[in-house]
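Working notes, beginning with the structure itself.
Just so it is clear, none of the values below were taken in a lab; they were calculated from the coordinates. All of these numbers come straight from a predicted model, not from anything done at the bench. All Cβ positions, glycine included, derive from the backbone under ideal geometry; neighbour counts span all protein chains shown.
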Amino acid sequence: MRRLAVYVVLLYLRFFARIALFMHRPKVIGIAGSVGKSSAKYALKAILEKTGRTVSTSGNSETGVPLGILGITLAGYGPIDWLIALLRCPFGVFHLIGASYLIVEMGIDDPRPPKNMEYLLTIVEPDVAVIVTESAAHTMQFEKALTVEEAHGMDPAERRDLLIRRITAEDVKMITDRTDTVVYNADNAFITDELKKLKHDDKMMLSFGASPDNRLTYGRREVTLQHTFFEFKLDADRIAFRVNDYALPEEYREVFGAAILAAYAVGETPARIEQALSSFHALPKGRVSLLRGINDSVIIDSSYNASRVSVMAFLGLAQELRDATQRPVVFAFGDMRELGGEAELEHTDVARRAVEVAEYLYCVGPLTKQYVMPIAEQAGLRELQWFENARLLGSHLRSHLPNNALVLVKGSQNQIFLEEAIKFILADEKDVSRLCRQERYWKKE
């Protein structure tokens with residue numbers, strides 16, 4: 001009965017979302033990839049909304065996409081919340097009135113419908129397809145689709161690469177006959193290999209990356225605890241801007257590279273792109289917020305979610321800032337979830353890097369206890385402890401946080417919620433409003 005109810009709700013949401021798209025016909029820009037989708041969406045919206053009404057979906061799932069198209073935000077996930085949302089759907093078809101652009105974040109959690117790309121394409125097909133990067137994320141569901149030989153006949157690294165290829169192949173399905181432009185990360189071999197299989201003679205292919213052979217190439221990047229400076233070259237034009245109040249990892253070149261090329265593809269000029277990004281200040285909560293902590297510490301809040309690639313990126317950032325400021329690095333690390341059989345390899349990779357960067361390492365969750373702690377115990381850190389939950393970690397940090405520390409917080413959302421630890425060490429309690437997952441629904445967790 002529950003499965004039937006879910007099916008009916010999905011059909012209902014899709015029906016009204018498609019009516020809205022048919023009525024208003026905005027230029028649709030779809031963003032896919034394992035990491036960086038949300039940040040790329042925010043950056044792209046900041047550029048496009050300067051010249052025309054731009055709507056972006058807040059969610060990226062089989063329900064989040066249609067609700068975003070209809071302009072409906074769930075207050076919670078209870079029956080009453082859903083009933084109110086469903087009653088609003090017929091009126092939501094007018095949400096796209098006057099919209100020149102619709103930016104759709106297209107997330108996949110499973111190779112099977114309704115959580116795959118093929119299902120999302122029954123709701124909306126992008127005119128411009130953007131693929132930011134690909135890595136091991138949500139591998140648990142893709143792992144279930146492996147054959148016995150694939151699951152057990154490969155070493156862990158080979159199996160991980162196979163899963164990333166499968167995830168990439170699913171993301172690349174977003175490129176349909178309707179798509180006229182593809183923006184992609186040429187430095188990611190999983191993406192480029194998959195695109196070689198695709199017939200795209202009728203599409204404009206715009207690549208970004210480190211090589212000068214790309215349409216958009218990376219220039220200088222400078223980072224401090226006050227701002228991050230980025231430079232790009234687009235054809236013969238230079239695009240340079242400073243993002244104030246954010247210390248961003250080097251990998252954010254991919255985020256901004258994707259946004260710049262997508263904006264260029266729909267007619268924005270390099271000058272207008274640079275101007276828009278120079279005033280950009282709208283990254284989502286819990287991705288890369290800088291917060292003042294107790295004992296003159298600085299908190300790098302990336303507690304929203306975690307994968308190996310994103311954790312490695314932020315450890316690289318922490319090392320840069322450590323070397324520049326001589327602050328000790330405190331790393332609060334929570335489990336990376338939904339990895340299935342890849343959990344050991346992903347966590348041990350991070351553990352080896354973490355002990356090179358951090359002097360203080362605090363772990364939360366059973367996976368870090370099983371895979372990270374044994375490696376870290378051999379590293380001779382100043383302090384190493386494991387905690388059952390984020391609140392216990394926060395309580396410990398409140399009384400043991402070293403002075404002038406650089407505190408990196410990174411972990412998955414699934415039962416980890418490291419933002420709860422951050423609350424204990426904020427210098428200003430009002431900054432709780434800047435943390436992720438503070439809505440009513442999450443308070444039930």
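Taken along its three principal axes, the alpha carbon spread of segment 136-232 comes to 47, 42, 20 Å, from the longest extent down to the shortest. Using the empirical formula 2.2 N^0.38 Å as the baseline, the Cα radius of gyration of segment 289-444 reaches a ratio of 0.95.
Stretching the chain fully between E231 and Y12 yields a gain of 74.3 nm (0.36 nm per residue, less the alpha carbon separation). Near N116, once Lys and Arg are set to +1 and Asp and Glu to -1 for all other residues with Cβ below 12 Å from its Cβ, the sum equals -2. Residue order for D296, D431, fewest other beta carbons within 10 angstrom first, comes to D296, D431.
Rounded to the nearest 20 debye, the dipole magnitude of the chain is 1360 debye, with +1 charges on Lys and Arg beta carbons, -1 on Asp and Glu beta carbons, and the Cα centre as origin. Angle, helix 308-325 long axis vs. longest principal axis of the chain, Cα atoms, 0 to 90°, nearest 10? Computed tilt is about 50 degrees. Of the residues M140, M23, the one with the fewest other Cβ atoms within 10 Å heads the list, and the complete ranking is M23, M140.
With runs of 4+ DSSP H residues as the only contributors, calculate the mean residue ellipticity of the chain at 222 nm using -39,500 (n - 2.57) per run, divided by the residue total and rounded to the nearest 500. After summing the helix terms and dividing by residue count, I get -11500 deg cm²/dmol. Our Cα-only numbers for segment 26-106 put the radius of gyration and Dmax at 13.1, 39 Å. Taking a straight Cα-Cα cut-off under 20 Å and skipping sequence neighbours fewer than 8 places away in the same chain, the lysines within cross-link reach of K196 are K173. For the chain, the normalised intensity computed at q = 0.07, 0.08, 0.11, 0.14 Å⁻¹ comes to -0.35, -0.46, -0.90, -1.45 (log10 of I(q)/I(0), Debye sum over alpha carbons, equal scatterers, no solvent). Taking Cα atoms only, the orientation of helix 79-92 departs from the longest principal axis of the chain by about 40 degrees. Checking every one of the chymotrypsin sites (Phe, Trp or Tyr not before Pro) in segment 213-284 against DSSP loop status and a limit of 10 other Cβ atoms within 10 Å picks out no site at all. Other residues whose C-beta falls under 9 angstrom from the C-beta of R178 contribute a net charge of -4, scoring Lys and Arg +1 and Asp and Glu -1.
Near F229, once Lys and Arg are set to +1 and Asp and Glu to -1 for all other residues with Cβ below 9 Å from its Cβ, the sum equals +1. Ordering H152, H24, H347 by the number of other Cβ atoms within 10 Å of each residue's own Cβ, fewest first, gives H152, H24, H347.
Each 5 Å bin from 0 upward holds the following percent of the Cα-Cα pairs of segment 230-338: 2, 10, 19, 21, 16, 14, 10, 5, 2, 0.
For K369, the lysines whose Cα comes closer than 22 Å to its Cα, not counting residues fewer than 8 places off in the same chain, are K410. Of all lysines in the structure, the ones whose alpha carbon falls short of 21 Å from that of K50, not counting any fewer than 8 places away in one chain, are K27, K37, K41.
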